[in-house]
Amino acid sequence: MTTSRHKSSMMKGHMPDLKAVATISSLPPPEDIFIDWILSVPEQQCLETAARAQIAIIDRSAAALDPNVIKLRTLLVAVMGDYN
């Protein structure tokens, strides 16, 4: 899908093809984002609480349906351990 075709389909109210969006995404791989996130959490902070906060941000985001964002969210859920 070309960029102009992608823009055209969005302007007509059609949902973009999520696989196509993932291939043109400017985000780094979700595993890289996860590693950066986990290393950025202060040592004294609870990882589960920090993961819940990040998941809440993702859930409010327009990018929540991006396949890479879904994968990142899944990694964060795994940190919580209870899968809620």
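The values are calculated or read from the model by the stated rules, or taken from the named source; none is laboratory data. Only a predicted model underlies this, so the values are computations on that prediction, with no experimental measurement involved. As a convention, Cβ positions derive from the backbone with ideal geometry for all residues, glycine included, and neighbour counts pool all protein chains shown. Ligands, DNA and RNA are excluded from the accessible area calculation, which covers all protein heavy atoms including side chains. Shrake-Rupley method; radii C 1.70, N 1.55, O 1.52, S 1.80 Å.
For the stretch 50-84, give me each residue that is assigned to a helix (DSSP H, G or I) and open to solvent by 60 Å² or more (accessible area, probe 1.4 Å).
Of everything in the stretch 50-84, those that are assigned to a helix (DSSP H, G or I) and open to solvent by 60 Å² or more (accessible area, probe 1.4 Å) turn out to be Arg52, Gln54, Ile57, Asp59, Arg60, Ala62, Leu65, Ile70, Lys71, Arg73, Thr74.
Hey, does the stretch 39-49 have a residue that's in contact (Cβ under 8 Å) with a residue 24 or more places away in the chain, open to solvent by 40 Å² or more (accessible area, probe 1.4 Å) and β-branched (Val, Ile, Thr)?
No, that holds for no residue.
If Lys7 meets every condition in (1) part of a helix (DSSP H, G or I); (2) at pLDDT 90 or above apart from one, which number is that one?
So the condition that Lys7 fails would be (2).
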